[in-house]
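Taking it in order: structure first as structure tokens, then the write-up.
Laboratory data are not the source of any read-out in this text; all were calculated from the coordinates shown. Since this is a predicted model, take the numbers as computed values, not measurements. Cβ placement follows ideal geometry from the backbone for every residue including glycine, while neighbour counts extend to all protein chains displayed.
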Amino acid sequence: MSDHGIGAGRYVGQAVQRKEDPRLLTGHGRYVDDVTVPRMLHAAFVRSDLAAATIRSIDVSEALALDGVVAVLTGHDLNGIAGSMQPSMNVENSPFPCAPLRPLAVTDVRFVGDPVALVVAESRAVAEDAAELVFVDYEPTPAVATIEAALADGAPLVHPEFGTNVPVDFPMPADPEVEALFASAAHVVEHRIVQHRYNPVPMEPRGVIAGYDNVTGELDVWLSTQGPHEARLTFSRLTGVPEQHVRVRMGDVGGGFGQKFFTGHDEQVVVLAAKHLGRAIKWIEDRRENLLAATHSRSDLADVALALDADGRILAAKFDHVEDAGAFPVGGLGGVGPFVSMLFPGPYRIPKIWWRSRIVCTNTCGRGAYRGPWMFETTAREEILDVAARAVGIDPREIRRINVVADDDQPYNTATGMMFERVTPATTLEHATQVIDYDGFRATQAAAFAEGRLLGIGIGLYIEPTSSPAGSLGVEAAKVRLEPGGSVTVFLGTAAHGQSIETTMAQVVAEHLGVPYEQVAVIQGDTDRTPFGGGTGGSRTAVIAGNATRLAAQRVREKVVEVAAHLLEAAPEDLEVADGRVAVRGTPSRAVTLAEVATAVHNVGGVAVDVPRVLEATGRYETQGMTWSNACHVCTVEVDRVTGQVTIGRYVVSEDCGRMINPMVVEGQVQGGVAQGVGGVLYEHFVYDDDGNPLTTTFLDYLLPTAVEVPRVEIDHVVTDGGNPSGVKGMGEGGAIGSVPAVFNAVADALSLVGATVLDQPLTPLRVVEALEAAGA
Amino acid sequence: MKAAPFDHHAPESVADAAALLAEHGDEAKVLAGGQSLLPMLAMRLTRFEHLVDVSRVPELHGITTDGDLRIGASTPQAVAEHDPVVADAVPLVARAIPHIGHFQIRNRGTVGGSIAHADPASELPAVALALDAVLEVAGATGTREIAATDFFEGTWSTALADDEILTGVRFPVWTGRQGAAVREVARRSGDFAIAGVAAAVELDAADRVARVAVGLFGVASTPVRASATEAALTGASVAEATAALADAALAAADGFDAVDDLHATGAYRRRVTTHLVQTALTAAIQEASGVRA
Ligand SMILES: Cc1cc2nc3c(=O)[nH]c(=O)nc-3n(C[C@H](O)[C@H](O)[C@H](O)COP(=O)(O)OP(=O)(O)OC[C@H]3O[C@@H](n4cnc5c(N)ncnc54)[C@H](O)[C@@H]3O)c2cc1C
């Protein structure tokens, strides 16, 4: 067993079978919609079909008269009784203004999908029938649907309360040194880089069942969530029910990807309605609602400039970034604002940088977290680097080699104030390009081009911030208990929704307590049973919950050893715990099982009175600053010159997430993230017209990649200790980050063979063909 | 996404189905595999008080050859796809069906439903049009036949009256040496085509093009027959046809009002159509003349 260093242990580091698999793979997962509570009603929202409008009147009488309808609630019923709707204890203290949330629109609507009324009925079908009978009289007003429109002089205001469409504008002061470097640089490249809007799209849409008991005063909620404890606090603030009387439970969750990290607006309205009516209400979001009104993501642009010397060494950068928050972003302003600029230098030595970060509001669905919410820094940087490489006349790999932060440079302070250590971007760049045979590919590409075919290769290199020390998100507690029969239960405040936490945390406990993996069960997702935790998101579970779990397991082992020492009449330091047995080192026959230890503790006279009798311990871990992981994505593509279709050839990732708890789980996270990035670059796009009308509200038009379109990812692991007790680093988001520029750059590389350039994503066949035609190719 | 309430009728004969349609008029709609109708109902893009489910009417099932290949309207697409009689008699039909959606959709979706639905991006309407298929129709007052050329009137609109049922489709069987190919561009595998071509070629004993059929889908508001392309190749030797292909394919792209939508422009559709016509016909000619591609 290795507590330290890099090597794999008995369980930690092994690709053990997932505990989740038997139920999930046989279709026996339990999601919110599988839960039924007594006398449950069903809800449907009436949503605005205009992006901006004044409400003249709302007529609910016909809807209310329909058989099976119990209530039709409007803002007049709910807005006055609602507490704060900000879904996190941290957001409340955010330096950024929060959008003026309200349960239901009363005076005006601000995006298509904005809820105006909630119908509560005996079935969802009846609720939908009634929703059609709610008549809202709107007076349309001008809307702003894009960043450019929101920034224009005299633009209509999304939130008159703000007095501006730009609630956050954070410019660095003008820097003469940066200007001087640009003025004297051998090469200057400038480019507007746009990251189009695409969404998390979990397979299971949002869902909630809320019941309020008027007698006990208890609010009981089932929720599809990434953070039941924060949800509980949110519901408490919202409804005024004291936090100890709110219980939030979750079952399996069919994906969240950030969308369910903060409790959404609509779930809160349903909870408030349940409290108001004193009846249990179920709301299962349908796919159209999910696409229209859950959360949207990405949607950034930046004017990016690099100054380089004659060899391609970066001298300075400018990064003028605007993030689109939509109308009612979820979780503060939904995005990450200045953090994008601070991460822009990424794994490169950029000595000087000027940046500005703005957040704008538009009459569109609110922004929410999505796997790597800050990822635009990587898109922007990696895309401009390829532009720069072509301008300087060197290979894209070469420009990265020249500028990458080497091991010797660390700890490395970026010009934006980030401190990187224990990262290996140079190594992963070399590994990934070796695995894909970068040089060999260049030869293949040239030969194919001689036949008229367009092949390309692209690189995405990045450093991923994980386990951020932000408020309650930087802390986690874990409770481990040796049960009377000798099995072990772990109680966590995490909220797995695809991360295999039941497996990985059981591995950690098996390793550090010394019990078989099979005997460990992990309990999450019930606020009455588990310690408070910030939820699963932000690549925080492995580092923060993992180290807390490790500590709790070690503490239980100490207690077990103490009891066993009495039972075996041996010195504690002579004992070792393995396979569920405590034995005297060197004399394996002198041993007791953990079950015997538990029995002794739980019976009169089993052990001496001065021995602690509680075989339970809590570990708490507070992250020591950001844990940085890193990876390099490289992929090859072929572009069809006639149809503009892009086919991905090989896809390689070399990544360093420190010591792996379970390599299979790490690889699954990488593969899944890549699927989302490939989707983003090539297929997924949530489109609004200029008036803010959504055009892609079904899967007929919002195109997710399928198993056919997603490449099999070849993964190389570089392992550098994470600098915390267990040596791990977070890594859950990176797959969705590095993949975007890797695919984009590969297509751009192919097109560059014929002098064609693409500027914007997604790279639809049409856009590729237009680029080819513009270049006369 | 719950449909508005409706009554579901499951008649056991065409006569009963036709009577139900006559009785309920425009409040009734035929339901077959439901792969197009149910999503539209669920999204409340359309609504009917009565659905007349013809998917289990025995007379509407079955595949026969009797001069023509006849496929009963309620025959699931997957059944026609895997039936050796279809592949042998009218290879173009067998090759078109795998391009329809995903296998789950073809298990439910019917041949007749696809044709009656008349989505311009659908494969089977274009095949029916190109091959001069005949559509058999029944109503409360009797039966009639409609030539495919007269059937497709617009997007989702056909010559069927509200109270008529499509009972079957007859495809002429070509007996000479033939080749058939379907080529399409779709955003993802299984998607409706942005542009597609179904082409068949028959050679006579002298190795001349006796018949050629080219149907386009996904490009205009109806399926399109590339008549100019067909005319340019009919009667040509294999060598002549091959030499004339590029121009003939260009002619195909000029023969329709191309649609613009979210996924492609009309100009894109023309560009791709030219290419697809050329590759589909090349493959069909090679197959007919015994060349292995
Ligand atoms: C994800 C997805 C992808 C798809 N991709 C494709 C594709 O690539 N290509 C393609 O061609 N199709 C595609 N489809 C549509 C599919 O092929 C449908 O099955 C077909 O269009 C309709 O057949 P159906 O039997 O399901 O008819 P239904 O959905 O039951 O009915 C469709 C329409 O036809 C009418 N109708 C049906 N049968 C008759 C009849 N016998 N007489 C009169 N009217 C009738 C109905 O009244 C209705 O208006 C796709 C569908 C889905 C859900």
Once you have the Cα-Cα distance between residue A:437 and residue A:17, take 0.36 nm times their residue separation minus that, and quote the gain in nm to one decimal. 148.0 nm
What net charge do the residues around residue B:136 carry, taking every other residue with its C-beta under 10 Å from that of residue B:136, with Lys and Arg at +1 and Asp and Glu at -1? +2
Length released on extending from residue A:700 to residue A:303, taking residue separation times 0.36 nm less the Cα-Cα span: 139.6 nm
Just need the relative contact order of the stretch B:7-53 here, percent rounded to a whole number, with Cα pairs under 8 Å and 6+ apart. 57 percent
If I model a spin label as a point 7 Å beyond the Cα along the Cα-Cβ vector, how far apart are those points for residue A:526 and residue A:573 in nm? 4.2 nm
Please state the shape class of the stretch B:1-134: rounded when a/c is under 1.5, otherwise prolate if a/b exceeds b/c and oblate if not, all from the C-alpha gyration tensor. prolate
Going by a ≥ b ≥ c, the root eigenvalues of the Cα gyration tensor, does the stretch B:7-53 fall in the rounded group (a/c under 1.5), the prolate group (a/b larger than b/c) or the oblate group? oblate
Note on the stretch B:177-289: contact order normalised by length, alpha-carbon pairs under 8 Å, 6 or more apart, percent, works out to 33 percent
Can you list the residues of the stretch A:638-653 with backbone N under 19 Å from a point 7 Å past the Cα of residue A:754, pointing along Cα to Cβ? A:638-649
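List A:682, A:766 from most exposed to least, where exposure is judged by having the fewest other Cβ atoms within 10 Å. Intermediate values should be presented prior to the final figure.
Numbers: A:682 27, A:766 21.
With the fewest neighbours first, A:682, A:766 line up as A:766, A:682.
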Virtual spin-label span in nm between residue A:689 and residue A:24, 7 Å along Cα→Cβ: 4.1 nm
Modelling each spin label as a point 7 Å along the Cα-to-Cβ direction, I'd like the residue B:16/residue A:79 distance in nm, to one decimal. 5.5 nm
Apply the a/c threshold of 1.5 to the C-alpha gyration tensor of the protein assembly as shown and tell me whether it is rounded, prolate or oblate. prolate
If one takes the longest principal axis of the Cα atoms in chain B, at what angle in degrees, from 0 to 90 and to the nearest 10, does the Cα axis of helix B:266-288 lie? 70 degrees
Calculated FRET efficiency for the pair residue A:614/residue A:407, C-beta based, R₀ 56 Å, to 0.05: 0.75
Local electrostatic count at residue A:186 - Lys and Arg +1, Asp and Glu -1, tallied over other residues with Cβ under 14 Å: -1
Calculated FRET value between residue B:47 and residue B:221, using beta carbons and R₀ = 25 Å, to 0.05: 0.55
I'd like to know which of A:277, A:544, A:72 lies farthest towards the positive end of the charge dipole of chain A, counting +1 on Cβ of Lys and Arg and -1 on Cβ of Asp and Glu. A:544
Within 10 Å of each Cβ of B:268-277, how many other protein chain Cβ atoms are there on average? 3
Residue by residue through B:181-191, how many Cβ atoms from other chains fall within 10 Å of the Cβ on average? 3
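Just want the ordering: A:203, A:40, from fewest to most Cβ atoms lying within 10 Å of their own Cβ.
A:203, A:40
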Which of the helices in chain A meet the span-like rule: DSSP H, Cα axial reach of 27 Å or more, Kyte-Doolittle mean at least 0.5? A:663-682
The equivalent-ellipsoid semi-axes of the stretch B:58-172, taken as the square roots of five times the Cα gyration tensor eigenvalues and listed largest first in whole Å, are 20, 16, 14
Sorted peptide list for A:527-534, A:135-142, A:390-397, criterion being average Cβ within 10 angstrom, highest first: A:527-534, A:390-397, A:135-142
For the stretch B:177-289, the fraction of alpha-carbon pairs in successive 5 Å shells from zero, as %: 2, 14, 26, 23, 16, 10, 6, 2, 0, 0
Take peptide A:694-702, look around each residue's Cβ out to 10 angstrom, count Cβ atoms belonging to other protein chains, and average those counts. 2
Taking B:24-33, A:599-608 and ranking on average Cβ neighbours within 10 Å, highest first, one gets B:24-33, A:599-608
Between 0 and 90 degrees, rounded to the nearest ten: what's the tilt of helix B:14-24 against the longest Cα principal axis of chain B? 60 degrees
Computed magnitude of the charge dipole of chain A (debye, nearest 20; Cβ of K, R +1, Cβ of D, E -1): 1480 debye
Ranking request for peptides B:64-77, A:359-372: highest mean number of other beta-carbon atoms within 10 Å first, then the rest in descending order. A:359-372, B:64-77
Please identify which residues in the stretch B:116-134 have an amide N closer than 19 Å to a label point set 7 Å out from the Cα of residue B:66, following the Cα→Cβ vector. B:133-134
Here the gain from full extension of residue A:89 to residue A:34, 0.36 nm per residue of separation minus their alpha-carbon distance, amounts to 16.8 nm
Restricting to Cα pairs below 8 Å that are 6+ residues apart, what does the relative contact order work out to for the stretch A:536-692? Please round to a whole percent. 18 percent
Compute the acute angle (0 to 90°) between the alpha-carbon long axis of helix B:238-254 and the principal axis of greatest extent of the alpha-carbon atoms of chain B; round to the nearest 10°. 50 degrees
Take residue A:56, project a point 7 Å from its Cα along the Cβ direction, then tell me which residues of the stretch A:130-156 have their backbone nitrogen under 14 Å from it. A:135-141
